[in-house]
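Asks: Sharing a structure below in structure tokens format, with a few things to ask.
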Amino acid sequence: MSRETIENVDRRRFLRLTGLTAGGLILGTALPNTQPLWAQSGAANRELNLFVGINADDTVSIVCHRSEMGQGIRTGLPQVVADEMEADWSKVKVIQGLGDKRYGSQNTDGSRSIRRFYDTMRNMGASARSMLESAAAQQWQVPASECKAKNHTVVHIPSGRSLRFGELAERAAKQPVPDEDKLQLKSSDQFNYIGKPVKNYDTPDMVMGKAGYGQDVQLDDMLIASIERSPVLGSKIAKLDDSDARKVKGVIAIERLEVATEPPVFNPLSGVAVIARNTWSALKARDKLKIEWTDSPHQQHNSESYLATLRERVQKAGKKVTGRGDLDATLKNAAKVHKANYSVPYLAHATMEPPSATAVVSDDVCEVWSCVQDPQSVQQHVASALKIKPEQVRVNVTLLGGGFGRKSKPDFVIEAALLSKKLGKPVKVVWSREDDIRHDFYHAISAAHFEAAMDAQGKVTGWLQRTAFPSISGTFSAGVEHPSSGELDLGLTDLPYAIDNYRTETAPAEYHTRIGWLRSVCNIQNAFGICSFADELAHAAGQKPDAFLMQLIGPDRQVDPSEGEYKYGNYGEPLEKFPLDTARLKNVLQHAAKKAQLAPRSAQTGNSGEAWGIAVHRSFLSYVAVASKVHVAGSKLEVLEMYCCADVGLAVNPDRVASQMEGSMIFALSLALMGEITMQDGAISNRNFDSYPLLRLNQSPNITVDIVESTAAPAGVGEPGVPPVAPSIANAIFAASGQRIRDLPINKHLALA
């Protein structure tokens, strides 16, 4: 199962698509559908290609084709282009790209934006720089080798003459585009912005309330829709009484939406939409709907009993998915065998901005404005629902008030498009917080079983891990009961421990609700179980957790998760460029251990109730260690301090990397401490933040982040800070109190301060 919903485009083909070929990048020729509507009324001489444009007033426009949801990508990608181009950042204008397959993948998911487009953005900037230098050489009638771009100008080195970028734009557009293999990229010591803290481009507008989010879209004659959706997956409208709802002032229409199928894919759920002239009327009328729903095969689903079933299943031998050595014999002959079970509940994304989409459909053309992570997926799925071609769907991407994977599923955009087609007017679908919590694509509920064989000295000689959770693949294909390889290699089959006898198994788990990827995906449960179990083994061996982990990881080497008969991936990247390097994993572990005061539980004295816990995990090609300090007093828990050391390869913008780690840790704290979606009779029991709480300011600990300086290729940033948090907290709780928490969330076991 791939998290991509459009074709992958290799680097050379991508450069051809964007115009970096012999006849291609033409700065003076505007291409259709490359600007959002609000950018089309700009300065008179602005002329864009897919990524770079220059105005006569010296403004350099750089398109960001990925979605901005707080991670700073509308700063990170353009700063790479600006650096190679020698543009002055103060004169850069960032343009949000529409959905357009010529950009390559626009799926802002999986922590891929920088790592997939770093080289391409450098090439785009270098090509523009070369063309500007050629234009200046032509105007001065001098060799191009004598002309160098510097700080938004091109300087003739022998004479000192200079021309501004704006003065060269028209002539530069007529220059032949240099071949990719002839581009001269900067050396790292020449960087102006790459690897340096550039201020977030969108912060001023965000602070001043000028930034545009999905909920902010306003169009003339626009109607508002609020939808009462089926509470149980698969149920449809059996009976509807909307007579009272129609009496509410401002109501224009009440429409049925019944496109739901199984598997659910990204289709809207069955529902009844109230369309009104304002949000208040739509919500009030919706409350007056009387709906009876049909039976569903999922209506008996209960999350508590289902988790008990999964726990039973992982106790039995499962489907072998990877392994080496003779584990059975090792377990049989071990001096000691340690066993443990871990579980994680359903989890919701709970983005600060709930889903929202506005659509206008007319004459077989659809235009939408929405807070989406993947505009090309929107094009495909909206086109399918409207029975038109994807190129007939124009997608304007607003800022996202958080995404975390939820807004890569365009069900809410399809709702707006279908309703606009029915009404013949612009329609904005507004999701309430209750809608968001009750109708998410949830992180899978899961159970895991671990066994470790240990020798007389406490060394681990064998390792068994068995997991069960409803697969994301079930969202797309019927009858799926086991995880896909794309889920197993998220922290499970890429286990970095040096253990000769090892096996991974899966147990069956069918889906009963919509399952989707959530920030760091299966690394959430995999890291919680693996890193907590490793800590259990350290204490069982009477060793310091960090020293035990160093031994468990073993010698410096590069681990190949695809070796042997079982083939698993590396987050879609080649191992040659992004190896699983245990030296880097141990390095962040050692940094975190220096911060924490770690000791085996058996060696602790006193009863302060305070202790540190540690966890280290590689995900999305980055290495992150988290040390957490907690205070446990009786049945009450307070998280006092958290330290993170992250090796993400080259950090294009260190400030944004640190911010992403901080945000990841707070996000993960919410999940670990209190995150739990419960289901009863197939329906979600949670409603709002009162029943699905997020971390409050007074609960947030002091957080410190250290970023390892690295020349390795840029890796993922948005998600790798999540996985080590829960186990570091659980390990600290054990060190402080002797209580081992194996079932999240933690507030089921300890009250939060």
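The values are calculated or read from the model by the stated rules, or taken from the named source; none is laboratory data. All values reported here derive from a predicted model rather than from experimental measurement. Every residue, glycine as well, gets a Cβ built from its backbone with ideal geometry; the counts of neighbours run over all protein chains shown.
Asks: What is the one condition in (1) in a helix (DSSP H, G or I); (2) surrounded by fewer than 24 Cβ atoms within 10 Å (Cβ to Cβ) that ALA599 does not satisfy?
Replies: (1)
Asks: (1) under 28 Å from ALA651 (Cβ atoms); (2) surrounded by fewer than 18 Cβ atoms within 10 Å (Cβ to Cβ): which one isn't true of GLY160, the others all being true?
Replies: Of everything listed in (1) under 28 Å from ALA651 (Cβ atoms); (2) surrounded by fewer than 18 Cβ atoms within 10 Å (Cβ to Cβ), GLY160 misses just condition (1).
Asks: Right, here's the next one. Restricting to region 230-248, name every residue that is surrounded by fewer than 22 Cβ atoms within 10 Å (Cβ to Cβ) and either at positive phi or not in a loop (DSSP other than H, G, I, E, B) (or both).
Replies: GLY234, ILE237, ALA238, LYS239, LEU240, ASP241, SER243, ASP244, ARG246, listed by residue number.
Asks: Here's something else I'd like to know. Going through ASP242, ASP220, ASP179, ASP189 one at a time, which residue ends up being in contact (Cβ under 8 Å) with a residue 60 or more places away in the chain, farther than 26 Å from ASN396 by Cα and among the acidic types (Asp, Glu)? Explain how you work it out, then say what you get.
Replies: Working: ASP242 fails: in contact (Cβ under 8 Å) with a residue 60 or more places away in the chain; ASP220 fails: farther than 26 Å from ASN396 by Cα; ASP189 fails: in contact (Cβ under 8 Å) with a residue 60 or more places away in the chain.
Every option except ASP179 fails the conditions.
Asks: A follow-up question, please. Is it fair to say GLN551 is part of a loop (DSSP other than H, G, I, E, B), modelled with pLDDT of 95 or more and out of contact with any helix residue (DSSP H, G or I) (no Cβ under 7 Å at 6 or more places or on another chain)?
Replies: Numbers: part of a loop (DSSP other than H, G, I, E, B): no; modelled with pLDDT of 95 or more: yes; out of contact with any helix residue (DSSP H, G or I) (no Cβ under 7 Å at 6 or more places or on another chain): yes.
Answer is no for this residue.
For every residue, the table says whether it meets (1) closer than 20 Å to ALA627 by Cβ; (2) in contact with a Leu (Cβ under 8 Å, 6 or more places away or on another chain).
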residue	(1), (2)
LEU673	yes, yes
MET679	no, no
ALA683	no, no
ASN688	no, no
SER691	no, no
LEU694	no, no
ALA715	no, yes
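Asks: Is it the case, given these coordinates, that LEU640 is closer than 21 Å to LEU575 by Cβ, among the aliphatic types (A, V, I, L, M), modelled with pLDDT of 95 or more and surrounded by fewer than 24 Cβ atoms within 10 Å (Cβ to Cβ)? Working first, answer last.
Replies: Details: closer than 21 Å to LEU575 by Cβ: no; among the aliphatic types (A, V, I, L, M): yes; modelled with pLDDT of 95 or more: yes; surrounded by fewer than 24 Cβ atoms within 10 Å (Cβ to Cβ): yes.
In short, no.
Asks: Taking the residues in region 495-512 that are in contact with a strand residue (DSSP E or B) (Cβ under 6 Å, 6 or more places away or on another chain) and assigned to a loop (DSSP other than H, G, I, E, B) as candidates, determine which candidate is nearest to MET665 (Cα to Cα).
Replies: Pass one, region 495-512, residues in contact with a strand residue (DSSP E or B) (Cβ under 6 Å, 6 or more places away or on another chain): 496, 499, 501-507, 509.
Pick out the ones that are also assigned to a loop (DSSP other than H, G, I, E, B) and you get 496, 499, 507, 509.
Values: PRO496: 22, ILE499: 30, ALA507: 30, ALA509: 29 Å.
In this case the residue turns out to be PRO496.
Asks: Oh, and also: Of the residues that make up region 332-342, is at least one part of a strand (DSSP E or B) and either among the aromatic types (Phe, Trp, Tyr) or within 16 Å of GLU676 (Cα to Cα) (or both)? Spell out the reasoning first.
Replies: The first filter runs over region 332-342 and keeps only residues part of a strand (DSSP E or B), leaving 336-342.
If we keep only those that are either among the aromatic types (Phe, Trp, Tyr) or within 16 Å of GLU676 (Cα to Cα) (or both) too, we end up with 342.
Yes - at least one qualifying residue is present in region 332-342.
Per-residue answers, yes or no, for (1) more than 24 Å from ASN55 (Cα to Cα); (2) in a helix (DSSP H, G or I); (3) at pLDDT 95 or above; (4) not basic (Lys, Arg):
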{"residue": "GLN106", "(1), (2), (3), (4)": "yes, no, yes, yes"}
{"residue": "ASP109", "(1), (2), (3), (4)": "yes, no, yes, yes"}
{"residue": "ILE114", "(1), (2), (3), (4)": "yes, yes, yes, yes"}
{"residue": "TYR118", "(1), (2), (3), (4)": "yes, yes, yes, yes"}
{"residue": "ALA126", "(1), (2), (3), (4)": "no, yes, no, yes"}
{"residue": "SER130", "(1), (2), (3), (4)": "no, yes, no, yes"}
{"residue": "GLU133", "(1), (2), (3), (4)": "no, yes, yes, yes"}
{"residue": "GLN138", "(1), (2), (3), (4)": "no, yes, yes, yes"}
{"residue": "SER145", "(1), (2), (3), (4)": "yes, yes, yes, yes"}
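Asks: Scan region 273-287 and report the pairs whose first residue is under 17 Å from LEU240 (Cα atoms) and assigned by TED's automatic domain parsing to the domain that holds GLY424 and whose second residue is at pLDDT 95 or above and among the basic types (Lys, Arg), with Cβ atoms within less than 8 Å and a gap of 6+ or a chain change.
Replies: Listed pairs, sorted by first residue: ALA273/ARG256; VAL274/ARG286; ALA285/ARG246.
Asks: Just checking, does region 355-364 include any residue being farther than 30 Å from THR513 by Cβ, outside the structural domain of ASN747 (by TED's automatic domain parsing) and part of a helix (DSSP H, G or I)? Before the answer, list the steps.
Replies: To start, the set of residues in region 355-364 that are farther than 30 Å from THR513 by Cβ comprises 360, 362-364.
Applying the additional criterion that residues be outside the structural domain of ASN747 (by TED's automatic domain parsing) yields 360, 362-364.
Those still in the list that are part of a helix (DSSP H, G or I) too: none.
Within region 355-364, not a single residue is farther than 30 Å from THR513 by Cβ, outside the structural domain of ASN747 (by TED's automatic domain parsing) and part of a helix (DSSP H, G or I).
Asks: Condition first: crowded, with 24+ Cβ neighbours inside 10 Å, touching a Gly at 6+ places or on another chain (Cβ under 8 Å), outside any loop (DSSP other than H, G, I, E, B) and charged (D, E, K, R). Now tell me which residues in region 369-414 satisfy that.
Replies: Within region 369-414, just ARG406 meets the criteria.
Asks: Let me ask something additional. Quick test for you: out of ALA715, ALA735, pick the one residue that is among the hydrophobic types (A, V, I, L, M, F, W, C) and part of a loop (DSSP other than H, G, I, E, B).
Replies: Working: ALA735 fails: part of a loop (DSSP other than H, G, I, E, B).
One residue alone meets the criteria, ALA715.
Conditions tested, residue by residue: (1) among the aliphatic types (A, V, I, L, M); (2) out of contact with any strand residue (DSSP E or B) (no Cβ under 8 Å at 6 or more places or on another chain); (3) at pLDDT 95 or above.
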site: LYS174; (1), (2), (3): no, yes, no
site: ASP179; (1), (2), (3): no, yes, no
site: LYS182; (1), (2), (3): no, yes, no
site: LYS186; (1), (2), (3): no, yes, yes
site: ASN192; (1), (2), (3): no, yes, yes
site: LYS196; (1), (2), (3): no, yes, yes
site: PRO204; (1), (2), (3): no, yes, yes
site: SER226; (1), (2), (3): no, no, yes
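Asks: Using the structure shown, decide if SER281 is among the small types (Gly, Ala, Ser), over 27 Å from the mean Cα position of the chain (by Cα) and in a loop (DSSP other than H, G, I, E, B). Talk me through it step by step, then tell me what you get.
Replies: Numbers: among the small types (Gly, Ala, Ser): yes; over 27 Å from the mean Cα position of the chain (by Cα): yes; in a loop (DSSP other than H, G, I, E, B): no.
The answer is no for SER281.
Asks: Determine the pairs where a residue that is assigned by TED's automatic domain parsing to the domain that holds ARG171 and over 23 Å from ALA82 (Cα atoms), located within region 136-160, has a partner that is buried (at least 16 other Cβ atoms within 10 Å of the Cβ) and aliphatic (A, V, I, L, M) with Cβ atoms under 8 Å apart, the partner being 6 or more residues away or on another chain.
Replies: Every condition considered, the pairs that remain are GLN139/LEU163; GLN139/LEU168; PRO143/ALA137; PRO158/VAL142.
Asks: May I pose another question? Would you confirm, using the coordinates I've provided, whether VAL81 is more than 21 Å from the chain's Cα centre (by Cα), modelled with pLDDT of 95 or more and in a helix (DSSP H, G or I)? Lay out the reasoning, then the answer.
Replies: Values: more than 21 Å from the chain's Cα centre (by Cα): yes; modelled with pLDDT of 95 or more: yes; in a helix (DSSP H, G or I): yes.
Yes: the conditions hold for VAL81.
Asks: If you don't mind, there's one more thing I want to ask. Of the conditions (1) assigned to a loop (DSSP other than H, G, I, E, B); (2) at pLDDT 95 or above, PHE667 satisfies every one except a single condition; which number is it?
Replies: Answer for PHE667: the failing condition is (1).
Asks: Give me the residue from region 204-219 that is over 11 Å from LEU400 (Cα atoms) and part of a loop (DSSP other than H, G, I, E, B) and, out of that set, farthest from the chain's Cα centre (by Cα).
Replies: Result: LEU219.
Asks: Within the set of pairs 6+ apart or on separate chains, which have a first residue in region 515-544 that is over 23 Å from GLU676 (Cβ atoms), a second that is modelled with pLDDT under 95 and not in a loop (DSSP other than H, G, I, E, B), and C-beta atoms under 8 Å apart?
Replies: Final answer for the pair search is HIS539/ARG601; HIS539/SER602; GLY542/SER602; GLY542/ALA603.
Asks: Of LYS595, LYS586, LYS577, which residue is modelled with pLDDT under 95 and closer than 23 Å to SER710 by Cα?
Replies: Values: LYS586 fails: modelled with pLDDT under 95; LYS577 fails: modelled with pLDDT under 95.
Only one candidate passes the filter, namely LYS595.
Asks: Another question about this same structure. Could you check, for region 613-632, whether at least one of its residues is surrounded by fewer than 24 Cβ atoms within 10 Å (Cβ to Cβ) and more than 25 Å from the chain's Cα centre (by Cα)? Can you show your working first?
Replies: Keep residues of region 613-632 that are surrounded by fewer than 24 Cβ atoms within 10 Å (Cβ to Cβ), which gives 631-632.
Remaining after also requiring more than 25 Å from the chain's Cα centre (by Cα): 631-632.
Yes.
Asks: If you don't mind, another one. Can you list residue pairs whose Cβ atoms sit under 7 Å apart, with the first residue in region 249-262 being at positive phi and the second being surrounded by fewer than 17 Cβ atoms within 10 Å (Cβ to Cβ)? Count only pairs 6 or more apart in sequence or on different chains.
Replies: Note: pairs meeting the criteria are GLY250/ARG277; GLY250/ASN278.
Asks: Hey, another quick one. Test SER659 against the criterion of being out of contact with any Lys or Arg (no Cβ under 7 Å at 6 or more places or on another chain), in a strand (DSSP E or B) and either of a type in the set (S, T, N, Q) or at pLDDT below 95 (or both), and give yes or no. Reasoning before the result, please.
Replies: Working: out of contact with any Lys or Arg (no Cβ under 7 Å at 6 or more places or on another chain): yes; in a strand (DSSP E or B): no; either of a type in the set (S, T, N, Q) or at pLDDT below 95 (or both): yes.
When the stated conditions are applied, SER659 does not pass them.
Asks: Also, I was wondering about something else. Could you check region 677-710 and list, in sequence order, the residues that are in a strand (DSSP E or B) and under 20 Å from VAL344 (Cβ atoms)?
Replies: Result: ILE677, MET679, GLN680, ILE684.
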